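Asks: Sharing a structure with you now.
The values are calculated or read from the model by the stated rules, or taken from the named source; none is laboratory data. All values reported here derive from a predicted model rather than from experimental measurement. When we count neighbours, we look across all protein chains shown, and the Cβ atoms used for this are built from the backbone with ideal geometry, even at glycine. Heads up: the accessible areas ignore ligands, DNA and RNA and are worked out on the full protein's heavy atoms, side chains in. Shrake-Rupley method; radii C 1.70, N 1.55, O 1.52, S 1.80 Å.
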Amino acid sequence: MVNPRAWLAEAIATFALVFFGPLAIILSVVAFGDGLSIESIIMIALAHGTAIGLMVYAFGHVSGAHINPAVTIPMMITKKIGVADGIGYIIFQLIGAIVAALSLKTILPEIGAKVNFGTQGGPSELLNNSIMSGFMVEAILTFFLVVVIFMTAVHKKAPKSVYGVTIGGMVFLLHIVGVPLTGASMNPARTFGPAVVSGFWEFHWLYWAAPIIGGIIAGVIMNYVYVNKAEKEA
C-alpha cells in the first residue's frame, strides 16, 4: 500500500540536505576563499551531518528518512519497503533536491555558480583524477553509511534514541575524509539537484553507480547476516 505522506516527507528531508549542505559549500567560499581548507571541510561536513541527523529525527517515524536513492534501493531489495513506495520515495527525493538547488540559485546566483551550487566535480587530484579510485571511494563511503543505517534505524535491537546522532555522525565522518577526494556525494539525489540547476554533468554517472552499488552490498549483507536474525528472535 503506497504512502504519499511518506513521499512528501522524503522530499522535505532531501530538500533540507540539498539546501543546507551546498549552502555550506557556497558560504565556505565566502568565509575561507576558493579551495579546500580545514575550516571549509569541517563546515561542509557539519552542515551535511547535522542536516541528515535532524531530518532522521524529524521524519524517521514517517518515512524512515531515507533521503537517498542509494538507501531506498537496498531497502526495496531487502523488502523493507514496497516497490511502489520505493519508486515514489526516489522520485520525491529527486524533486526535493531540484527544488532545493533552484532555491539556492535564486538566493545566491553568482556565488553559487562558482561552485556549481554544490555539484561534486569528480575524483580530485589527490586521487590522480582516477575514475576507478573515485568510484571505489564513493562505493566504500556509501557502504558504511548504509551499514550504519541498517544497524541503527532498521535493526530491531538497536537503541532508536540515538540513531539520528549515529547516522548524522557517520555522514560527518564520511564528509571529513571524502570531500577532498570525490566531494563525498554518497547520494545520487544530492548530486542530481545541483547538476540540474548548474548544468554540470561531468562524472555524473559515477555519483549514481558507485553509491547504489555500495549501498546494495551493505544492505544485503547487513540484512541477511544481522537484521533478519534479530527479526526472527523478536
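Asks: Would you check which residues across segment 110-136 are within 15 Å of Ile25 (Cβ to Cβ), assigned to a helix (DSSP H, G or I) and more than 18 Å from the chain's Cα centre (by Cα) and list them?
Replies: Glu110, Ile111, Gly112, Ala113, Lys114
Asks: Report yes if some residue within segment 145-155 is in a helix (DSSP H, G or I), among the aromatic types (Phe, Trp, Tyr) and either in contact with a Cys (Cβ under 7 Å, 6 or more places away or on another chain) or open to solvent by less than 10 Å² (accessible area, probe 1.4 Å) (or both); otherwise report no.
Replies: Within segment 145-155 (the criterion being in a helix (DSSP H, G or I), among the aromatic types (Phe, Trp, Tyr) and either in contact with a Cys (Cβ under 7 Å, 6 or more places away or on another chain) or open to solvent by less than 10 Å² (accessible area, probe 1.4 Å) (or both)), the answer is yes, since at least one residue qualifies.
Asks: If you take the residues in segment 156-178 that are open to solvent by less than 20 Å² (accessible area, probe 1.4 Å) and touching a residue at least 24 places away in the same chain (Cβ under 8 Å), which one is farthest from the chain's Cα centre (by Cα)?
Replies: So the residue we want is Gly164.
Asks: Residue by residue through segment 27-44, note down the ones that are touching a residue at least 40 places away in the same chain (Cβ under 8 Å) and surrounded by fewer than 22 Cβ atoms within 10 Å (Cβ to Cβ). Even if it seems obvious, please write down each step before you answer.
Replies: Pass one, segment 27-44, residues touching a residue at least 40 places away in the same chain (Cβ under 8 Å): 29-30, 34, 36, 41-42, 44.
Those that are touching a residue at least 40 places away in the same chain (Cβ under 8 Å) and surrounded by fewer than 22 Cβ atoms within 10 Å (Cβ to Cβ): Val29, Val30, Asp34, Leu36, Ile41, Ile42.
Asks: Taking Leu174 as the residue in question, decide whether it is part of a helix (DSSP H, G or I), in contact with a helix residue (DSSP H, G or I) (Cβ under 8 Å, 6 or more places away or on another chain) and farther than 21 Å from Ser63 by Cα.
Replies: Numbers: part of a helix (DSSP H, G or I): yes; in contact with a helix residue (DSSP H, G or I) (Cβ under 8 Å, 6 or more places away or on another chain): yes; farther than 21 Å from Ser63 by Cα: yes.
For Leu174, the condition - part of a helix (DSSP H, G or I), in contact with a helix residue (DSSP H, G or I) (Cβ under 8 Å, 6 or more places away or on another chain) and farther than 21 Å from Ser63 by Cα - is met.
Asks: Here is a list of conditions, (1) open to solvent by 10 Å² or more (accessible area, probe 1.4 Å); (2) closer than 17 Å to Asn187 by Cα, and Asn68 meets all of them except one; can you say which number that is?
Replies: Only one criterion in (1) open to solvent by 10 Å² or more (accessible area, probe 1.4 Å); (2) closer than 17 Å to Asn187 by Cα is unmet by Asn68, namely (1).
Asks: May I pose another question? What pairs can you find where one residue is in segment 106-128 and open to solvent by 70 Å² or more (accessible area, probe 1.4 Å), the other is at pLDDT 95 or above and of a type in the set (A, V, I, L, M, F, W, C), and their Cβ atoms are less than 9 Å apart, with a gap of 6+ or different chains?
Replies: What qualifies is Ile107/Leu23; Lys114/Ile26; Leu126/Leu181.
Asks: Determine which member of the set Leu8, Leu17 is in a helix (DSSP H, G or I) and under 16 Å from Ala184 (Cα atoms). Before the answer, list the steps.
Replies: On the way: Leu8 fails: under 16 Å from Ala184 (Cα atoms).
Testing whether each residue is in a helix (DSSP H, G or I) and under 16 Å from Ala184 (Cα atoms) leaves just Leu17.
Asks: How about segment 169-200: which of its residues are farther than 16 Å from Glu138 by Cβ and out of contact with any Phe, Trp or Tyr (no Cβ under 9 Å at 6 or more places or on another chain)?
Replies: Scanning segment 169-200 gives Gly169, Phe172, Val196, Gly199.
Asks: From Ala47, Ala84, Ala139, which residue is assigned to a helix (DSSP H, G or I), small (Gly, Ala, Ser), touching a residue at least 60 places away in the same chain (Cβ under 8 Å) and touching a helix residue (DSSP H, G or I) at 6+ places or on another chain (Cβ under 7 Å)?
Replies: On inspection, the qualifying residue turns out to be Ala139.
Asks: Would you be able to say whether some residue in segment 125-133 is β-branched (Val, Ile, Thr) and over 28 Å from Gly169 (Cβ atoms)? Let's see the steps before the verdict.
Replies: At the first step, the residues of segment 125-133 found to be β-branched (Val, Ile, Thr) are 131.
Applying the additional criterion that residues be over 28 Å from Gly169 (Cβ atoms) yields 131.
Within segment 125-133, one or more residues are β-branched (Val, Ile, Thr) and over 28 Å from Gly169 (Cβ atoms).
Asks: Out of segment 79-102, which residues are open to solvent by 30 Å² or more (accessible area, probe 1.4 Å) and farther than 24 Å from Trp205 by Cβ?
Replies: Within segment 79-102, Lys79, Lys80, Gly82, Ala84 qualify.
Asks: Pick from Phe192, Phe203: which is assigned to a helix (DSSP H, G or I), of a type in the set (Phe, Trp, Tyr) and open to solvent by 30 Å² or more (accessible area, probe 1.4 Å)?
Replies: Matching residue, one of Phe192, Phe203: Phe192.
Asks: Among the residues of segment 208-215, is any open to solvent by 10 Å² or more (accessible area, probe 1.4 Å), among the small types (Gly, Ala, Ser), in a helix (DSSP H, G or I) and touching a residue at least 40 places away in the same chain (Cβ under 8 Å)?
Replies: Within segment 208-215, one or more residues are open to solvent by 10 Å² or more (accessible area, probe 1.4 Å), among the small types (Gly, Ala, Ser), in a helix (DSSP H, G or I) and touching a residue at least 40 places away in the same chain (Cβ under 8 Å).
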